[in-house]
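The values are calculated or read from the model by the stated rules, or taken from the named source; none is laboratory data. In this text, all values refer to a predicted model and were calculated from it rather than measured experimentally. Glycine also receives a Cβ, built like all others from the backbone with ideal geometry; neighbour counts cover every protein chain displayed. The area values use the complete protein model at the heavy-atom level, side chains included, leaving out ligands, DNA and RNA. Shrake-Rupley method; radii C 1.70, N 1.55, O 1.52, S 1.80 Å.
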Amino acid sequence: MELTKGTAELIGAIIGDGYIYQKNSKYQIGIVGNPATDKEYLEKLKQLILTEWKKEVNIKLRSGAMVRIL
């Protein structure tokens with residue numbers, strides 16, 4: 001995989017505000033943010049994931065004050 005500027009930004013977001021979860025043999029990567037202040041940035045990350053990794057992701061509101069990208 002080539003390390004592009006977009007991939008570097010995604011890796012930084014995962015390190016700073018994300019998590020990697022394993023269940024059985026499957027992995028899930030998530031990034032968490034505040035819906036009041038981070039919505040535009042999470043939308044940008046969603047687009048980067050599609051562009052860089054060719055994966056469709058969803059943004060979900062959780063716990064009333066937290067947003068996740070899955």
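Taken over segment 21-52, the criterion of being part of a strand (DSSP E or B) and either open to solvent by 50 Å² or more (accessible area, probe 1.4 Å) or of a type outside the set (A, V, I, L, M) (or both) is satisfied by 21, 22, 23, 26, 27, 28, 29, 30, 33.
The number of residues in segment 1-20 that are outside any helix (DSSP H, G or I) and surrounded by 11 or more Cβ atoms within 10 Å (Cβ to Cβ) comes to 3. Pairing each residue of segment 6-29 that is within 15 Å of residue 59 (Cβ to Cβ) and modelled with pLDDT of 95 or more with any residue that is surrounded by fewer than 16 Cβ atoms within 10 Å (Cβ to Cβ) and not hydrophobic (A, V, I, L, M, F, W, C), provided the two are 6+ apart or on different chains, yields no C-beta distance under 8 Å.
You will find that of 55, 60, the residue that is over 10 Å from the mean Cα position of the chain (by Cα), of a type in the set (Lys, Arg) and assigned to a strand (DSSP E or B) is 60 and no other.
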